[in-house]
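Report on the following structure.
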Amino acid sequence: MIDVSGIYKTFYSRHKVDALIDVSLHVEKGEVVVICGPSGSGKSTLLRCLNHLEAIDRGEIVIDTIQLTDSRTNINKVRAEIGMVFQSFNLFPHMTVLENVSIAQEKVRKRSRQKSHEIATRLLEKVGIPEKANSYPSQLSGGQQQRVAIARALAMQPKIMLFDEPTSALDPEMIGEVLEVMKTLAREGMTMCCVSHEMGFAREVADRIVFMDEGRIVEIGTTDQIFNEPREERTKAFLAQIL
Amino acid sequence: MRREQLDALKDLFHNERFRHSLSWIALFLILFGLIAGTVHTTNKVDYIWRWEQIPRYILFKEIIEVTVEEDAIVTELEKDGADTGIVAINSSDEEQYYLVPTKMLSVGVGDGIERGQVLAEGKVWRLGLLLTGLILTLEISALSIILGVIIGLITGLARLSSSPAPKWLAIGYIELIRGTPLLVQIYIFYFFIGQVFRLSNFMAGVLALSFFSGAYIAEIIRAGIQSIHRGQMEAARSLGMNYPQAMLYIILPQAFKRILPPLAGQFISLIKDSSLVGVIALVELTRAGREIGTSTFNYFEVFFTVAALYLILTFSLSMIVQYLERRFAASD
């Protein structure tokens, strides 16, 4: 489903930062991959490259047989198939929850307003906040906002979901409700890439764990292997710190 | 004074309500002083106030009496605002022309009219020079605001473009407009651009004001767009929206809400700046005031009235914007 081979990405803001160095990753359909690593290790950059929010300097990304780097690729079409959830939610503050979940369906999928609202209502039930449909994002708690953001991404019926530290901006008591929704998705067979420090979540639903440091993938392994017998010293040290 | 009395006085001064009352009294004294000062100064310069002259420059009653000069036959009626022109031909094929208020019109095409016949008689209300000036100011301002916002939106978006052509054209235009006086721009639009494109002085004035305010509005819109968090654009794009969709549905509505106060300031400036187009023979409010002043020498009353009329326009605009701000605050 996702095929990343040998990508490089360098940022030139004030200092030259090599964010990604020769990163390769393959994700199967229905697989749940959790990417972890210390801050600044390039995990978020990798995720943002997958839907071309960042352009890669070198290498190749293939999403569902479509070459992302090909200039003939309509990036908007690819993005419509990839849902993304951000650390800071990024809900549209001038729209109600229902409109947040409907707008892209109407404008990108060209569904009727009625149909979009139907789907949006169903998804809000799925993430557990149907009663907030007519509230504005500012009236919701962080956990509720993030669940709306997940519903908004799901409304496009994507083939892949990307989660960029979805629980990092949340108060501890709200992390659980967001992880619950993500676990449900994982069990339903959604292809997922999650940048997350929630090791409990990783242990429960991840098929594989990717450990990154300083722009490189240090180790990729099944969840059991990474948790029980990590091969690399740096992985061991990192896990020891956060577990 | 005894100690207790002093303390009681101190307490009184520390009382918030007492101090507020004092402040109100001070305010009224200052206002009274200003008015008294104005009256005193005008007395000193021997100015004779004739406020009773002013109303007829707003609305006045015209006495109408149109009498036929020669026997003729009406051949044509031409509408001209609230009036109708009557064209008639006499026996020696000479054309005659009478202008009457339409509501007093009593003849039709083909009717014969005879010498001495009264075509129209009575009184009609007419708009005075100040009111027609106010209406012209309103027309010029409204059109310039609409055009200015369109120009500003296009320029603001071009200014943010990563492609060099639109970006540098926008920067060049903004710097050119902001670096030259509006008065000079009005002359250029009237004498040069107006000549080349055969613009009326009304169009030249409106275009000059539109392009002038467009440059400022562009900067306001650019700042507004840039003030919206990057994550909003990313979220919109990650849902598959293209750039124009993301701008139209996500970024601009939020930016618009935020730039409403500076935008309102710009619109108010524009209404006031419209007083400059008087130099290209547009009798807007200020020019109307000057013309009345030169013929009556009642400069004091006329320009106080002109100022008050501008204030009515700008204050109404402020009120409308405040109403909009309250309405948009629903999602905060």
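The values are calculated or read from the model by the stated rules, or taken from the named source; none is laboratory data. Model, not experiment: these values are computed from the prediction. All Cβ positions, even for glycine, are placed from backbone atoms using ideal geometry, and neighbour counts span all protein chains on display. To get the accessible areas, we keep the full protein, side chains included, count just its heavy atoms, and leave off ligands, DNA and RNA. Shrake-Rupley method; radii C 1.70, N 1.55, O 1.52, S 1.80 Å.
Average the reciprocal distances over every distinct pair of alpha-carbons in the stretch B:61-127, invert the result, and give the Kirkwood radius in Å.
12.1 Å
Using 0.36 nm per residue, how much length does the chain from B:Arg19 to B:Glu95 gain when fully extended, once their Cα-Cα distance is taken away?
Value of the extension gain: 19.5 nm.
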Practice task
Exposed loop GluC sites (Glu not before Pro) only (DSSP loop, at most 16 other Cβ atoms within 10 Å): please give the longest stretch of chain B free of them, not including the sites.
Solution key: B:115-332
Handout entry: Average beta carbon contacts from partner chains per residue of A:92-105, 10 Å cutoff
Key = 4
Practice task
Compute the signed sum of charges (Lys and Arg +1, Asp and Glu -1) over the other residues within less than 11 Å, Cβ to Cβ, of A:Leu50.
Solution key: -1
Completion exercise
Taking the reciprocal of mean 1/r across every pair of different Cα atoms in the stretch B:2-44, the Kirkwood radius in Å is 12.6 Å
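Can you compute the helix-only [θ] at 222 nm over chain B? Use -39500 (n - 2.57) per DSSP H run of at least 4 residues, normalise by all residues, nearest 500 deg cm²/dmol.
Calculated mean residue ellipticity at 222 nm is -20000 deg cm²/dmol.
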Fill in the blank from the handout: Note on chain A: contact order normalised by length, alpha-carbon pairs under 8 Å, 6 or more apart, percent, works out to 26 percent
Completion exercise
Relative to chain A, whose Cα atoms define the longest principal axis, helix A:142-154 and its Cα axis are tilted in degrees, nearest 10, by 90 degrees
Exercise for the section: Mean Kyte-Doolittle of at least -1.0 plus a Cα span of 30 Å or more along the axis: flag which DSSP H helices in chain B meet both, please. Expected result: B:16-44, B:129-160, B:201-227, B:299-328
Problem - Exposed-site-free run, longest, chain B (rule: chymotrypsin sites (Phe, Trp or Tyr not before Pro); DSSP loop; at most 13 other C-beta within 10 Å) - result: B:50-196
Completion exercise
To the nearest 0.05, the calculated FRET efficiency linking B:Leu248 and B:Ser316 through their beta-carbon distance, R0 being 22 Å, is 0.15
Fill in the blank from the handout: Rounded to whole angstroms and listed largest first, the alpha-carbon spread of the protein assembly as shown along its three principal axes comes to 117, 96, 47
Practice task
Work out the FRET efficiency for A:Gln139 and B:Ser227 from their Cβ-Cβ distance, taking R0 = 30 Å, and round it to the nearest 0.05.
Solution key: 0.85
Problem - A:Glu229, A:Glu177, reordered so the largest accessible area comes first (probe 1.4 Å) - result: A:Glu229, A:Glu177
Handout entry: Computed over the stretch A:126-193, Kirkwood Rh from alpha-carbon pairs, angstrom
Key = 12.4 Å
Completion exercise
Gyration tensor on Cα atoms of chain B, a ≥ b ≥ c root eigenvalues, a/c under 1.5 rounded, else prolate if a/b beats b/c, else oblate, says oblate
Problem - the stretch A:1-41: trypsin sites (Lys or Arg not before Pro) in DSSP loop, at most 13 other beta carbons within 10 Å - result: A:Arg14, A:Lys29
Handout entry: P(r), alpha carbons of chain A - 5 Å bins starting at zero, rounded %
Key = 1, 6, 14, 17, 19, 17, 13, 8, 4, 1, 0, 0
Fill in the blank from the handout: The helix A:233-242 Cα axis meets the longest alpha-carbon principal axis of chain A at an angle in degrees, between 0 and 90 and rounded to 10, of 40 degrees
